[in-house]
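Readers should treat all values here as calculations from the given coordinates under stated rules, not as data from a laboratory. Everything numeric in this text was worked out from a predicted model, so none of it was measured. Note that we place each Cβ from the backbone using ideal geometry, even for glycine, and neighbour counts take in every protein chain shown.
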Amino acid sequence: MSAAHLPVTKFVATGNDFIFVDARLPLEGAFARVSRDELSRKLSDRHQGVGADGVVFVMQDTQGLKWDFFNNDGSP
């Protein structure tokens, strides 16, 4: 069984930190089985996740790139 990978980058500036998820490709494994709000809560957890103020999912659109933002509590 191969491990699923989640392409992320964490940015920190002026007291805030955000996780950017490259969602241009389908999410794999366990990451594909949870909603974005739940994934945002889990990734943002400072004790059991990466830790962040929020998560940004970057996607491809016909006009270029677009994004969905979720706060660390999972709210959009």
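Data for the structure
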item: Global form of the chain, assessed from the alpha-carbon gyration tensor, a/c cut-off 1.5; result: oblate
item: Interchain or long-range residues, amide H under 5 Å from GLY51's placed H; result: SER44, ASP45
item: Karplus-derived 3J(HN,Hα), 6.51/-1.76/1.60, for each residue of the range 35-40, Hz, glycine and proline x; result: 6, 5, 5, 5, 4, 4
item: VAL58-THR14 pseudo-label distance in nm [points 7 Å out on the Cα-to-Cβ vector]; result: 2.0 nm
item: Summed residue charge, Cβ within 12 Å of ASP73's Cβ, Lys/Arg positive, Asp/Glu negative; result: -2
item: Integer Hz, Karplus 6.51/-1.76/1.60 couplings in order for the range 59-73, x for Gly and Pro; result: 10, 8, 10, 5, 8, x, 9, 9, 8, 10, 10, 10, 6, 5, 8
item: For peptides 57-69, 13-25, sequence by mean Cβ density within 10 Å, most packed first; result: 13-25, 57-69
item: Backbone HN-Hα couplings from phi across the range 7-13 [Karplus 6.51/-1.76/1.60, Hz, Gly and Pro as x]; result: x, 10, 9, 10, 10, 10, 7
